[in-house]
Amino acid sequence: QVQVVESGGGLVAPGGSLRLSCAASGFTISNYAIHWYRQGPGREREWVADVVSAGNKYYLDSVKGRFSLSVDKGKNTVYLQMHSLKPEDTAVYYCNVNIHSRDYWGQGTQVTVSS
C-alpha cells in the first residue's frame with residue numbers, strides 16, 4: 001500500500017530552521033518524483049520543491065537558497081531542510097507522489113514561523 005507520511009513541523013522563530021521528513025512506504029522513493037507543497041492560512045496550495053528520480057531538484061523561487069532537498073534511500077525518506085524561515089513560510093506542508101496516474105498525499109505537517 002502506497003503511503004507518504006510527513007513529520008518534523010513545529011513552531012520556530014523567524015530566521016530559524018526546521019527539517020521536514022516525507023517517509024514513504026509501498027514504493028521505492030528514489031524511483032519516483034517527490035513533490036513538496038504547502039498551504040498557508042487563507043491561501044491556495046502551492047508547489048514548493050521537487051526531487052525527481054534522476055536526482056535533479058527544483059525549488060520555488062521564494063525558497064531558493066533557503067530550502068534544500070535530500071534523499072535517504074536506506075530510510076526511503078525525502079527531507080526538506082528549511083533555513084532562514086520567514087513568517088510567510090507558515091503553512092501546512094505536504095509531500096506528494098504520483099504513481100500510475102494516481103496522486104498520493106500525506107496528512108501534512110504544520111510549520112509556524114512566529115516570534
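The values are calculated or read from the model by the stated rules, or taken from the named source; none is laboratory data. Bear in mind the structure is a predicted one, so any value in this text is a computation, not a measurement. Because the Cβ atoms are built from the backbone with ideal geometry, glycine has one as well, and the counts that use them run over all protein chains shown. For accessibility, only protein heavy atoms count, side chains too; no ligands or nucleic acids. Shrake-Rupley method; radii C 1.70, N 1.55, O 1.52, S 1.80 Å.
Anything in the stretch 1-57 that is of a type in the set (F, W, Y) and touching a residue at least 40 places away in the same chain (Cβ under 8 Å)? List them, or say none.
As a first pass, look at the stretch 1-57 and keep what is of a type in the set (F, W, Y): 27, 32, 36-37, 47.
Residues satisfying the conditions are F27, Y32, W36, Y37.
Residue check: is L69 in a loop (DSSP other than H, G, I, E, B), aliphatic (A, V, I, L, M) and closer than 30 Å to S115 by Cβ?
Details: in a loop (DSSP other than H, G, I, E, B): no; aliphatic (A, V, I, L, M): yes; closer than 30 Å to S115 by Cβ: yes.
When the stated conditions are applied, L69 does not pass them.
Among Q107, Q81, Q39, which is the only one that is surrounded by fewer than 17 Cβ atoms within 10 Å (Cβ to Cβ) and under 20 Å from Q1 (Cα atoms)?
On the way: Q81 fails: under 20 Å from Q1 (Cα atoms); Q39 fails: under 20 Å from Q1 (Cα atoms).
Exactly one residue qualifies, and that residue is Q107.
In the set G65, G74, G9, which member is at positive phi and open to solvent by 30 Å² or more (accessible area, probe 1.4 Å)? Outline the logic, then answer.
Values: G74 fails: at positive phi; G9 fails: at positive phi.
Result of the check over G65, G74, G9: G65.
Taking T112 as meeting all but one of (1) touching a residue at least 40 places away in the same chain (Cβ under 8 Å); (2) open to solvent by 40 Å² or more (accessible area, probe 1.4 Å); (3) of a type outside the set (K, R); (4) farther than 14 Å from L20 by Cα, write down the number of the exception.
(4)
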